[in-house]
Amino acid sequence: MAICAILAGCVSLSPEEEAQAAEQVAATVVSRVYPGLSVAPVANCVRDNATRDERRALASYRNNVGGEAQIITLRIIDRPETNACVRANGIILS
């Protein structure tokens, strides 16, 4: 059982836990890519505009936020609806 807890795919997350984990991963990526930016609103916009599969994928990187998590996060940020959400929070991404 201890081995299962170590493996990423063994523990199933509830939809709420998955969304929270995806947001945390997005926050880590945003803080790396946009240092000094207010991270929480952008991470919220990423979470809210991610597809279910994207949230699941981001959540799977919660213990190892690397390149693939960054690719997914930036792809979501590039969407017009995510950009609108970010701007609605008074944040301009450059």
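No lab work stands behind these numbers, since they all come straight from the coordinates. What you see is a predicted model; the values in this text were computed from it and never measured. We place every Cβ from the backbone using ideal geometry, glycine too, and count neighbours over all the protein chains shown.
Seen from Ile76, the other residues with C-beta closer than 14 Å to its C-beta sum to a net charge of -1, counting Lys and Arg as +1 and Asp and Glu as -1.
What is the ratio of the Cα radius of gyration of the chain to 2.2 N^0.38 Å, where N is its residue count, to two decimals? Mind showing how you got there, number by number?
Values: Rg = 13.5 Å, N = 94, 2.2 N^0.38 = 12.4 Å.
That works out to 1.09 for the chain.
Show that you can apply the helix-only estimate: for the chain, add -39,500 (n - 2.57) for every DSSP H stretch of four or more residues, divide by all residues, and state [θ] at 222 nm to the nearest 500. Each step should come with its number before you reach the end.
Numbers: 6 runs with 64 residues, N = 94.
About -20500 deg cm²/dmol.
Quick one: which of 70-82, 22-34 comes out on top by average Cβ neighbours within 10 Å, and what's the full order, highest first? Intermediate results must be reported in sequence, preceding the final value.
Values: 70-82: 16.5, 22-34: 21.2.
Most protected by this proxy first, the peptides run 22-34, 70-82.
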